[in-house]
Structure formats: C-alpha cells, structure tokens
Amino acid sequence: MLIEFTVGNYRSFKEKVTFSMVATNLMSKNKSLDETNVFKVDEKLSLLKSAAIYGANASGKSNLAKALAFMRWFMSNSSRETQSTDKIRVEPFKLSTETDAQPSFFEIVFLMDQKTYRYGFEATPDEIVAEWLYYVPKSRETRLFERNKDKFNISRTYKADGIQQKTRKNALFLSVSAQFNVEIAENILERSIGCIYLVSGLNDIEYRLYTIDCLVDTAFFMTSWHSSNSG
C-alpha cells in the first residue's frame, strides 16, 4: 500500500518532490469525504483512499507518473531485462549545470504486513550510486541494507549476504535479491510494488493490459456486470 513517492533530478523535476497519500488533520467541508476517503492504519497514521494531482499544462503531472512507472519497472526488471553494458533510463534535469551530472533520486514508502518500508535509489545513466531499504518492525526505523556504489551493508534480517557480489553496477540489489529468492525482496516486488498499476493516457497499452486482466478475472467481470444491471 503506497504511502509516499518522492522523485528528484528527473525530467522536469530539479528538486525533490513528494506525492503523499497521508491524510492531514484538516476536516473536509464535505464530511462524507472524511468518512469514505480516509482510513486509519494505526493511531499515528491515516491514509487517503484516493488523491488527485492537478495543475497547469507542463507543470509536471505527466512526468510524476513517468517517474513512478520507471521506478516500478526498474525495481522489477533491472536484474533480468538489462545487460551489463546497458544504460539506465534516467533523465536528469537538463536546464541546470548543477544537476546534469548528478544522480536522479527515487524513493517509495509503503505498507506491507502491517509494517512501514522505505526503499529508494540514486542512479546515473551509467550506475547505481546509492540504494537503501529500511523498515519499522516495532517503533524505530531499522536498516535492512544500504549500498554506496559497490559497497554494501546488509543486515542479517535481509538474508542476502553474498548476493552483492552478483549485482552489476547498473542493476538494483533489491531486484537481484528477488532473483535469488530473498523472501523480503520477493514480497516487496510481488505483493507491494507489483500491486501498483499505472493507468495513464501517456501509454494506452496500460489500459489494454488492465482491461484484459479484468476480463480474465471472472469475479470482477460478473460483479461489475451485476452492479451495472441492478442500478
């Protein structure tokens, strides 16, 4: 379940920007929105069921979707869909000499098994500069692994010692870990990141695949058909 997504130095984003699903303490004028669009995770965290991004043309809405789509794809495929000589498909902000040679930044915060995880990486077209994964098992954030180029610091909980030697400079350690059956990595890619679907006019193939999945899912199709015929 998505909590936050942050991107920086990517396409039109020079500085870091964050899309957050965390509900504020503000009350809506329409009380039904607070009742139907907000749910409480625990005493400290409430999340929105839906959110909208709006703004002028060329204000970055499309690039935010592209950034999340790239991060999702790269997390799942960097170890199996790329070769050692392939460039990483990041596009740094080009209207500043300060950022052109700097890495792009991606980070996602999500819930899995009632625990909060924070995963991210920094990358140039040539290599992964940094990568990290933290979680909150009880009350304090705890490191699962940290990476600084080819230097790794891996906790025993992550159970992936030795896999760092199999990780190319242009591949994510998380992605490689999942290929070698590290349970935490597999769960993140299959049950958390794998459940983030981007349906966008930027790429109509997403509509096509989503529609096919819904049609294959007989239960979804029958429920939708019944609802449309009983209303």
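The criterion of at least 1 residues that are modelled with pLDDT of 95 or more is met, among helices (runs of 4 or more DSSP H) falling completely within segment 138-231, by 173-179, 183-187. Among the residues of segment 62-94, those identified as of a type in the set (Lys, Arg), within 22 Å of GLU107 (Cβ to Cβ) and surrounded by fewer than 17 Cβ atoms within 10 Å (Cβ to Cβ) are LYS87, ARG89, LYS94. Figure legend. Inter-residue proximity from segment 146-164: first residues closer than 17 Å to ARG118 by Cβ and without any contact (Cβ under 8 Å) to a residue 60 or more places away in the chain, second residues assigned to a helix (DSSP H, G or I) and of a type outside the set (A, V, I, L, M), beta-carbon distance below 9 Å, spacing 6+ or different chains. Indicated pairs: ARG147/GLN164; ARG147/PHE173; ILE154/GLN164; ILE154/PHE173; TYR158/SER177.
Among the numbered conditions (1) more than 16 Å from LEU198 (Cβ to Cβ); (2) out of contact with any strand residue (DSSP E or B) (no Cβ under 8 Å at 6 or more places or on another chain), the only one that GLY8 does not meet is (2). Of the numbered criteria (1) without any contact (Cβ under 8 Å) to a residue 40 or more places away in the chain; (2) acidic (Asp, Glu); (3) touching a Lys or Arg at 6+ places or on another chain (Cβ under 6 Å), the one GLU131 fails is (1).
The values are calculated or read from the model by the stated rules, or taken from the named source; none is laboratory data. A quick note: this is a predicted structure, and the numbers were derived from the prediction, not measured. Glycine also receives a Cβ, built like all others from the backbone with ideal geometry; neighbour counts cover every protein chain displayed.
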